[in-house]
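Below: one structure, written as structure tokens.
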Amino acid sequence: MSNYFGTDGFRGEANVDLTVEHAFRIGRFIGWHYGKEHKAKVVIGKDTRLSSYMYECALTAGLTASGADVYLMHVTTTPSVSYIARTEAFDCGIMISASHNPYTDNGIKLINGNGEKMEDEVVSAVEVYLDGKSSEAPYATGETIGRAIDHSTGRNRYIGYLISLASHSFSGMKVALDCANGSTWAMAKGIFDALGAETYVINNLPNGKNINRGCGSTHMDQLRRIVHDNQLHVGFAFDGDADRCLAVDERGEIVDGDLIMYLCACHMKERGELGNSKVVTTVMSNFGLYRALEHACIGYERTAVGDKYVYENMKANGHLIGGEQSGHIIFGKLANTGDGLLTAIKVMEVMLDRKTSLSELTKPLQLFPQVLRNVMVTDKEHALNDPEVQAAQADVAQRLGNNGRVLLRKSGTEPVVRVLVEAASEETCRDFADSIVAVMRAKGFAMDS
């Protein structure tokens, strides 16, 4: 069986890796799967990239051909589709987006009726169907053919929900918003304006091809300049589908997901809202985060990379906050997925509650210097399991002791092994990372690039 879906949906270059035929057949299967005992009800959202309209049409055709009713939220965010799926009794939701990737890529994210990433067994069944290894879904006929229904009201309900969560007026706060020419382009300003902020909005003129191009949460320089040069209080950058958010403090310094989790967890603890729950991170979180959480007497757990694994841990153990360095932050009582707009509102809440600048709030967390080497290899498994490579990693770990860490992991999409070293100085990080890469090269695993 082919593995079409990764931890964040079926993603690839539009009409190369992910074709319009794939989208039609996914729609066919989902409409049939959820329509066995009742008329299936599916909500669809999309981001602003050129191919999203094509996939929306193909999915809608497949779903309605199998008898499902399709509710179209049009350009909206992934977390809004999650919210509407779980609050309006939909069988499932579908988001068309490749997140922070360039416009030439796209993706299909499947969301269950609880607003969570789709169960593995359903995803596996979809993949079997795409491979032609299961029976064809029957076509609906006559009055059983499905309908396509405008559901822009769902997007408005989600916006109202976010506004209702704010515990303060944002009056007097000067806020920059980088919409990445993506899903928040017509939402972010309205939300912050409604809450009273003086907004400075950039990259909110999507043309289908400029999503994430030199902007958003993966390209922060423009936002940093806007905040610094205009003496703003804070800036927020979203990715293409707005399930991520990174911030910029009043000095123009980046506040990543680790720092956001730290300041929000500390605030929750001070307000008695954290209880016995822990902060759920991934193995890529900075060593400095763990030291700062320990100093604040807040527990933490580590998962594999991917907000899917963060959410699964939170759900299984009752934890209330978790996320990734990249800005996928999940607030367990309020959402079942990372939500960039919600994250921005929560950061504003902490600043206003504490009457403190963002730089002061994050000061107790000193991030460790970090060096990441992406090594092209001939065989990921052999490279990771080689005794000499493992010995080199163990030697670095021993020499770092409690003053850093080393991590080797394989990429899920490329022939790459990632070598991450954190230590007290960048020079130490570079030296230790290069020593491991040298062993991989000497053993013939590393390819010249």
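Can you tell me which of Ser135, Ser152 is free of Cβ contacts under 8 Å to residues at least 12 places away in the same chain and small (Gly, Ala, Ser)?
Testing whether each residue is free of Cβ contacts under 8 Å to residues at least 12 places away in the same chain and small (Gly, Ala, Ser) leaves just Ser135.
May I ask you to list pairs of residues, at least six apart or on different chains, whose Cβ atoms are under 6 Å apart, with the first in segment 431-448 being closer than 12 Å to Arg373 by Cα and the second being of a type outside the set (A, V, I, L, M) and outside any helix (DSSP H, G or I)?
These pairs meet every condition: Ala433/Arg373; Val437/Arg373.
Is it fair to say Ile30 is touching a helix residue (DSSP H, G or I) at 6+ places or on another chain (Cβ under 6 Å), in a helix (DSSP H, G or I) and crowded, with 24+ Cβ neighbours inside 10 Å?
Answer is no for this residue.
Under 7 Å between Cβ atoms, at least 6 apart or on separate chains: pull out the pairs that start in segment 287-315 with a residue that is not assigned by TED's automatic domain parsing to the domain that holds Leu274 and end on any residue that is assigned to a helix (DSSP H, G or I).
Between residues of segment 287-315 that are not assigned by TED's automatic domain parsing to the domain that holds Leu274 and residues that are assigned to a helix (DSSP H, G or I), there is no close pair.
Say we look at segment 273-291 and pick out the residues that are at pLDDT 95 or above and assigned to a strand (DSSP E or B); which of these is surrounded by the fewest Cβ atoms within 10 Å (Cβ to Cβ)?
Thr281
Here is a yes/no grid of residues against (1) surrounded by fewer than 20 Cβ atoms within 10 Å (Cβ to Cβ); (2) touching a Lys or Arg at 6+ places or on another chain (Cβ under 8 Å); (3) closer than 29 Å to Gly252 by Cβ; (4) of a type in the set (A, V, I, L, M):
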| site | (1), (2), (3), (4) |
| --- | --- |
| Leu352 | yes, no, yes, yes |
| Leu361 | no, yes, yes, yes |
| Asn374 | yes, yes, yes, no |
| His382 | yes, no, no, no |
| Asn385 | yes, no, no, no |
| Gln398 | yes, no, no, no |
| Asn403 | yes, no, no, no |
| Val437 | yes, yes, no, yes |
| Met440 | no, no, no, yes |
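Among residues belonging to segment 112-135 that are charged (D, E, K, R) and closer than 24 Å to Met95 by Cα, point out the one that is surrounded by the most Cβ atoms within 10 Å (Cβ to Cβ).
Lys117
Might you let me know whether segment 117-136 holds any residue that is under 20 Å from Thr64 (Cβ atoms), at pLDDT 95 or above, aromatic (Phe, Trp, Tyr) and assigned to a helix (DSSP H, G or I)?
yes
Might you let me know whether segment 308-324 holds any residue that is surrounded by fewer than 24 Cβ atoms within 10 Å (Cβ to Cβ), within 30 Å of Val437 (Cα to Cα), touching a strand residue (DSSP E or B) at 6+ places or on another chain (Cβ under 9 Å) and aliphatic (A, V, I, L, M)?
no
Okay, residues lined up against (1) assigned to a strand (DSSP E or B); (2) farther than 24 Å from Ile329 by Cβ; (3) hydrophobic (A, V, I, L, M, F, W, C); (4) at pLDDT below 95:
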site	(1), (2), (3), (4)
Leu50	no, yes, yes, no
Met54	no, yes, yes, no
Ala61	no, yes, yes, no
Gly67	no, yes, no, no
Tyr71	yes, yes, no, no
Ser82	no, no, no, no
Ile111	yes, no, yes, no
Gly115	no, no, no, no
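Taking the residues in segment 362-405 that are assigned to a helix (DSSP H, G or I) and in contact (Cβ under 8 Å) with a residue 60 or more places away in the chain as candidates, determine which candidate is farthest from Gly288 (Cα to Cα).
Here the answer is His382.
Here are the criteria: (1) exposed (fewer than 13 other Cβ atoms within 10 Å of the Cβ); (2) in contact (Cβ under 8 Å) with a residue 24 or more places away in the chain. Tell me which single one Ser99 does not satisfy.
Of (1) exposed (fewer than 13 other Cβ atoms within 10 Å of the Cβ); (2) in contact (Cβ under 8 Å) with a residue 24 or more places away in the chain, only one is false for Ser99: (1).
Would you point out the residue of segment 84-97, among those that are assigned to a loop (DSSP other than H, G, I, E, B) and in contact with a helix residue (DSSP H, G or I) (Cβ under 9 Å, 6 or more places away or on another chain), that is farthest from Ser183 (Cα to Cα)?
Only one residue fits best here, namely Asp91.
The values are calculated or read from the model by the stated rules, or taken from the named source; none is laboratory data. Just so it is clear, the structure is predicted and the values come from calculations on it, not from any experiment. A quick note on method: Cβ atoms are made from the backbone with ideal geometry, for glycine too, and the neighbour counts reach across all protein chains shown.
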